[in-house]
1. Could you please tell me which pairs satisfy a Cβ distance under 6 Å, a separation of 6+ or placement on different chains, a first residue in segment 2-31 that is under 21 Å from D110 (Cβ atoms) and among the charged types (D, E, K, R), and a second residue that is modelled with pLDDT of 95 or more and surrounded by 21 or more Cβ atoms within 10 Å (Cβ to Cβ)?
2. Looking at segment 147-167, I want the residues that are at positive phi and have a partner that is part of a strand (DSSP E or B) and not aromatic (F, W, Y) with Cβ atoms under 6 Å, at least 6 apart or on another chain. Which pairs are those?
3. Residues being hydrophobic (A, V, I, L, M, F, W, C) and either farther than 22 Å from E98 by Cβ or out of contact with any Phe, Trp or Tyr (no Cβ under 9 Å at 6 or more places or on another chain) (or both): count how many of those fall in segment 150-167.
4. Among the listed residues V126, V82, V147, which satisfies the condition of being under 21 Å from E5 (Cβ atoms), β-branched (V, I, T) and either surrounded by fewer than 17 Cβ atoms within 10 Å (Cβ to Cβ) or in contact with a Phe, Trp or Tyr (Cβ under 7 Å, 6 or more places away or on another chain) (or both)?
5. Which residues, taken from segment 153-167, are in a loop (DSSP other than H, G, I, E, B), out of contact with any Lys or Arg (no Cβ under 9 Å at 6 or more places or on another chain) and of a type outside the set (A, V, I, L, M)?
6. Considering only segment 27-48, how many residues are of a type in the set (S, T, N, Q) and either in contact with a helix residue (DSSP H, G or I) (Cβ under 6 Å, 6 or more places away or on another chain) or surrounded by fewer than 21 Cβ atoms within 10 Å (Cβ to Cβ) (or both)?
7. In segment 49-79, what residues are assigned to a loop (DSSP other than H, G, I, E, B), hydroxyl-bearing (S, T, Y) and surrounded by fewer than 16 Cβ atoms within 10 Å (Cβ to Cβ)?
Amino acid sequence: MPFGEIGIRSDSEFTAVEAEVAVVIGSDNRPVAFTLCNDVSAWDIERANPLYLPQSKIYAGCCSFGPMLVTAEQIADPYSIVVRCRVIRDGKVVFEGEASTAQLSRRYEDLIAFLRRDNPIPIGTVLTTGTGIMPPPEAALRDGDIVEIESPQLGKLVNRVRKLSGV
């Protein structure tokens, strides 16, 4: 949630921000709205073994989205949404990156079709689309960092980072 905390797993040394555009799926299985998303991932756990992907992506504070929903009609071109990301530590920017939905490997409709294959989904499902912003290991999230994800079309999502306790 905007201005809420995002988490670092207690057993991760390389948890990274993944600044993305998220799509809200409508009754006709098309995008009805867009928002920003931080799909936080424990990359070290994911890279240790592909079978650990659920552990690297699903834990307390692993995702935040917002600050608002923008309807598909309000977006002139959904493949030209610019996303900027900053990680701020002790008042200084330690990482900055930018990407655009023009870089997506798959169209929104294809991503939705993959999600729906043999999987009924309710109207209003939020689908994250992936990222082209890849922080280096030295920009791994730390307790107390501030993550800002911003788009001219979708607003600004801000979250504080908290290292989880393992309980």
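The values are calculated or read from the model by the stated rules, or taken from the named source; none is laboratory data. Keep in mind that this is a model prediction, so the values were computed, not measured. Cβ sites come from the backbone with ideal geometry, for glycine too, and all protein chains shown count toward neighbours.
1. Between residues of segment 2-31 that are under 21 Å from D110 (Cβ atoms) and among the charged types (D, E, K, R) and residues that are modelled with pLDDT of 95 or more and surrounded by 21 or more Cβ atoms within 10 Å (Cβ to Cβ), the close pairs are E20/C37.
2. Pairs that qualify, where the first residue is at positive phi and the partner is part of a strand (DSSP E or B) and not aromatic (F, W, Y), are G155/P67; G155/M68.
3. Initial filter on segment 150-167 (hydrophobic (A, V, I, L, M, F, W, C)): 154, 157-158, 161, 164, 167.
Then drop every residue that is not either farther than 22 Å from E98 by Cβ or out of contact with any Phe, Trp or Tyr (no Cβ under 9 Å at 6 or more places or on another chain) (or both), which leaves 161, 164, 167.
The total comes to 3.
4. Answer to the selection: V126.
5. From segment 153-167, those in a loop (DSSP other than H, G, I, E, B) are 153-154, 164-167; that's our starting set.
After this cut, where a residue has to be out of contact with any Lys or Arg (no Cβ under 9 Å at 6 or more places or on another chain) as well, the list is 153-154, 165, 167.
The answer is Q153, S165.
6. Filtering segment 27-48 for residues of a type in the set (S, T, N, Q) gives 27, 29, 35, 38, 41.
Retained after the next criterion (residues that are either in contact with a helix residue (DSSP H, G or I) (Cβ under 6 Å, 6 or more places away or on another chain) or surrounded by fewer than 21 Cβ atoms within 10 Å (Cβ to Cβ) (or both)): 27, 29, 41.
The number of residues fulfilling the criteria is 3.
7. Across segment 49-79, the qualifying residue is only Y79.
Residue-wise test of (1) in contact with a helix residue (DSSP H, G or I) (Cβ under 9 Å, 6 or more places away or on another chain); (2) aromatic (F, W, Y); (3) under 22 Å from A60 (Cα atoms).
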| site | (1), (2), (3) |
| --- | --- |
| A113 | no, no, no |
| R117 | no, no, no |
| P122 | no, no, no |
| P137 | yes, no, yes |
| L141 | no, no, yes |
| R160 | no, no, yes |
| V167 | no, no, yes |
